[in-house]
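As structure tokens, the structure follows; a few thoughts come after it.
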There are 2 protein chains.
Amino acid sequence: MGRKRTKSGKIRLAEVAELAGVSPITASRFFRNPEALSVAKRTRVESAARELGYVPNLAARALASQRTEVIGVLIPSLTNNVFSDVLRGIYDASEGSRYSIQLSNTRYSILQEEKLLRLFLAQKPAGLIVTGIDQTTESRAMLEAADCPIVQIMEIGPNPVDMMIGFSHYDAARAAIAHLFAQGHRRIGFVGARMDPRVQRRLDGYAAAMKEAGLFDQRLTVTTATPTSVTLGGALFADLIAREPAIDAVFCANDDLALGVLFECRRREIPVPDQIAIVGFNDLEFMASSVPTLTSVRTNRYEMGSTAAAMLIEAIEGKRPEKPVLDLGFTVIERQSSQAQRPTASPRAGEWVAAVQNDSVTNDP
Amino acid sequence: MGRKRTKSGKIRLAEVAELAGVSPITASRFFRNPEALSVAKRTRVESAARELGYVPNLAARALASQRTEVIGVLIPSLTNNVFSDVLRGIYDASEGSRYSIQLSNTRYSILQEEKLLRLFLAQKPAGLIVTGIDQTTESRAMLEAADCPIVQIMEIGPNPVDMMIGFSHYDAARAAIAHLFAQGHRRIGFVGARMDPRVQRRLDGYAAAMKEAGLFDQRLTVTTATPTSVTLGGALFADLIAREPAIDAVFCANDDLALGVLFECRRREIPVPDQIAIVGFNDLEFMASSVPTLTSVRTNRYEMGSTAAAMLIEAIEGKRPEKPVLDLGFTVIERQSSQAQRPTASPRAGEWVAAVQNDSVTNDP
DNA sequence: GTCGTTGCTGGTAGCGCTGTCAACGATCCT
DNA sequence: AGGATCGTTGACAGCGCTACCAGCAACGAC
């Protein structure tokens, strides 16, 4: 006689085991480690499960095994294009795996991050993806004490908690400035918003490059803690140019700001790049189709997410990567907005259409 | 003498109950329905839990109670700005509640949606948020059979599965066209990408408005199944104007396309709005700061997400909303790009700066 | 032939929590 | 005063799965 069904009418592992003529524990093993079964039992359990339409109860599994199949992801923003690309990578890489993604938004607050981390860790996640390297001391301690693999994403730095994948925002900013130098620009402004740690490091890279060239001037830097936007880019640029009308280039901490600067230039009839060059950061899609097209520093956001999730899953399953720190690099994509200064004051608009994209400076470590 | 601790060293409900001097079940009730306890026991359990730093084991809770505290969310895209705003609303509204969000990406495939739905439902979610009203028959049946509250978001239509929150894309498109008519435009093109059901309904609204005015012409419509982008907007507009050079306005199915059209006009030195007016859809932030500023149909995306999550949580807890279908409406934000046609062929750029934003046409049902 | 050793399988005993039901005293009504 | 009702509490029995360990057969080494 058969066992009695569960109240909810759902198929349990026991039913599958019974149909397959094996013990429940053998059926259980089939789902966790099929190689441990003989081929005969394996196929019997498989067909029994399929026939009954068995779906494992994750709560029971988590309770019995004392661990979940959840990957926690802590990111600072849900709106920022940058993170939506990273997230897409994470979701894509986790799809098809047994792990599910649990997302939380720190809103750029490391205190909030600490709180969420505590919450996550209490549920014993299988793995954790956290943004950046600027955790609180408390968070850092929790991460180090956590008994699950952890990937820090978005940037690289010394002392990884575990694994790390990103690139140097400092070097990327320096490369952008080097490109502007190469194009003959000297008085280069910096426009930044939000000023999270990564933007701050871009500012540091800019400042270092300028200082080395003997060109640094505090008054060329305009920043705000306000969240970034296109409109804000225009406003910050207005501030900058009011203070320093003689600038010949602007390095923007992200592409939204760069687009705002471009619009503001257009509003003021300032020719770009002939009077002012513009360089953005991230290389969002629209940078390639604006008029003029906008130079930017391409970052590998999708790869960052997908690689992080893939590395994490490997590590969860015991296969730790050979190199725990991965530098994904960046590429300066040179476009019209930062072309070399020309003698002619104002080219015809049609001229831009003919211009081709230059070679790019890639940093692939 | 105390009970023995759990192997993992974690605090269990039993420990809390013991310290509080109550039975475990009373302690359990404290977390689920504190009102059912006497004030004395309530405070004792509360302080005991705090003192021990008790964190409930969700897996055990889910197993024992036969239900999870997970809200499943099915959206078609993670990259689209539209959905990131909706998501932010959902996450914000769920924060602080006991429910956690489980996100999945259908990639605009209703078959994928069906698959994910099956997966979700098998885990007995507390509630479900699904995008749109175009599920497969199978999906529809599963949704109707599900024993949890469900909210359909992004648009409204007949026969809600349960609750519904959105707006009429058809009406919104008609309002946009009505605005263009009011500004004196007649030969209005339509540019659309991806052509998911909501974009299709915008096209239907456009077509209906044009037909009623006796102005519909199939050749004014350019669409593609390709995912949307700014660059694509330029390309589609190039197609459109090659086919129909005499158009005087373009209604774009979203703002990215509109921006692409604007750039393409600039590239071709077509004055906007004097030769061609542009209207977008969604009113993303950059629309207000482009040059010229771009008219768009504002949609309440954040509110859609936050209200959907709030309604769902209320419904899960037994308080069903008085009205299960909520129309969040839309607003035509009139900006420079669709101003009335003028006699002067090409205004000075500076003129735009002075222009003020017009009154707007709001649809608040 | 005996004794590991390996590969596979099964039994037992929970994981930490909650649903159900019964019990109890207090309060209220007739 | 007696009974009904309400509010509060606790005992019991799992929820469905897996960790742990034992058992058993087959095999090879000595």
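Shortest first and in nm to one decimal, what separations exist between B:Thr43 and its copies in the other chains, measuring from label points 7 Å along the Cα-to-beta-carbon line?
Here the equivalent label points are 7.0 nm apart from this one.
For a footprinting-style exposure proxy, rank A:Glu35, A:Glu114 by other Cβ within 10 Å, fewest first.
Lowest count first: A:Glu35, A:Glu114.
Please report Rg (one decimal) and Dmax (integer) in Å for the Cα set of region A:1-123.
Spelled out, the Cα radius of gyration and Dmax of region A:1-123 are 19.4, 60 Å.
Please say if chain B is rounded, prolate or oblate, where rounded means a/c under 1.5 for a ≥ b ≥ c the square roots of the C-alpha gyration tensor eigenvalues, and otherwise the choice is prolate for a/b larger than b/c and oblate otherwise?
prolate
Could you list B:Met163, B:Met154, A:Met195 in order of exposure, starting from the residue whose Cβ has the fewest other Cβ atoms within 10 Å?
Going from sparsest to densest Cβ surroundings: A:Met195, B:Met163, B:Met154.
Can you sort A:Ile276, B:Ile150 by how many other beta carbons sit within 10 Å, fewest first?
B:Ile150, A:Ile276
Ignore the peptide's own chain and count Cβ atoms of other chains within 10 Å of each Cβ in B:123-130; give me the average, rounded.
1
Calculate, for A:Arg243 and A:Arg107, the FRET efficiency according to 1/(1 + (r/R0)^6) with r their C-beta to C-beta distance and R0 25 Å; round to the nearest 0.05.
0.20
List the GluC sites (Glu not before Pro) within region A:248-294 that fall in a DSSP loop (any state other than H, G, I, E or B) and whose Cβ has at most 13 other Cβ atoms within 10 Å.
A:Glu269
Within straight cross-link reach of B:Lys115, meaning Cα distance under 12 Å, which aspartates and glutamates are found once same-chain residues fewer than 8 apart are removed?
B:Glu138
Binning every alpha carbon pair distance of region A:181-234 at 5 Å from zero, what are the percents per bin?
Final binned percentages: 5, 18, 28, 22, 16, 9, 1.
Please give the residues of region B:143-163, grouped as numeric ranges, whose backbone N is less than 19 Å from a label point set 7 Å along the Cα-to-Cβ vector of B:Thr137.
Those under the cut-off are B:143-146, B:159-161.
Using the Kirkwood formula on the Cα atoms of the protein assembly as shown, what hydrodynamic radius do you get, in angstrom to one decimal?
Evaluated over the protein assembly as shown, this radius sits at 28.3 Å.
When you look at the Cβ of every residue in A:55-64, what mean number of other chain Cβ atoms sits within 10 Å?
That works out to 6 on average.
Longest span of chain A, sites excluded, free of trypsin sites (Lys or Arg not before Pro) in DSSP loop with at most 11 other C-beta atoms within 10 Å?
A:8-318
For the cross-link pairs A:Lys319/B:Lys10; B:Lys124/B:Lys319; B:Lys124/B:Lys323; A:Lys124/B:Lys10; A:Lys319/B:Lys124, which exceed 22 Å when the distance is taken from alpha carbon to alpha carbon?
Over 22 Å apart, Cα to Cα: A:Lys319/B:Lys10; B:Lys124/B:Lys323; A:Lys319/B:Lys124.
When each copy gets a label point 7 Å from Cα toward the beta-carbon at A:Ala213, what are the spacings between them in nm, shortest first?
Spacings between copies for this position, smallest first, are 5.1 nm.
Alpha carbons only, please: Rg and Dmax for region A:152-259, in angstrom.
14.2, 47
Averaged over its residues, how many other protein chain Cβ atoms are within 10 Å of peptide A:280-292's Cβ atoms?
Neighbouring Cβ atoms belonging to other protein chains average 4 per residue here.
On each of the three principal axes of the Cα atoms of region B:13-56, give max minus min coordinate, whole Å, ordered largest first.
22, 17, 16
In Å and from the alpha-carbon atoms only, list the Rg and Dmax of region B:129-184.
15.3, 52
With the label 7 angstrom out along Cα to Cβ, how close does B:Pro158 come to the same site in each of the other copies, in nm, nearest first?
From this label point to the equivalent ones elsewhere in the assembly: 7.0 nm.
Specify the residue with the greatest mean-square fluctuation among A:Ala213, A:Ala258, A:Ala27, computed from a Gaussian network of chain A linking alpha-carbon atoms under 10 Å apart.
A:Ala27
Where the centre of each part is set by its Cα atoms, how far does region A:82-150 sit from region A:290-307, in angstrom?
Here the two parts' Cα centres lie 23 Å apart.
Would you mind getting me the FRET efficiency between A:Phe216 and A:Arg50? Use the beta-carbon distance for r and R0 = 56 Å, nearest 0.05.
0.25
Computed from the coordinates by the stated procedures, all read-outs in this text should not be read as laboratory data. Note that this is a predicted model, so its numbers are computed, not measured. All Cβ positions, glycine included, derive from the backbone under ideal geometry; neighbour counts span all protein chains shown.
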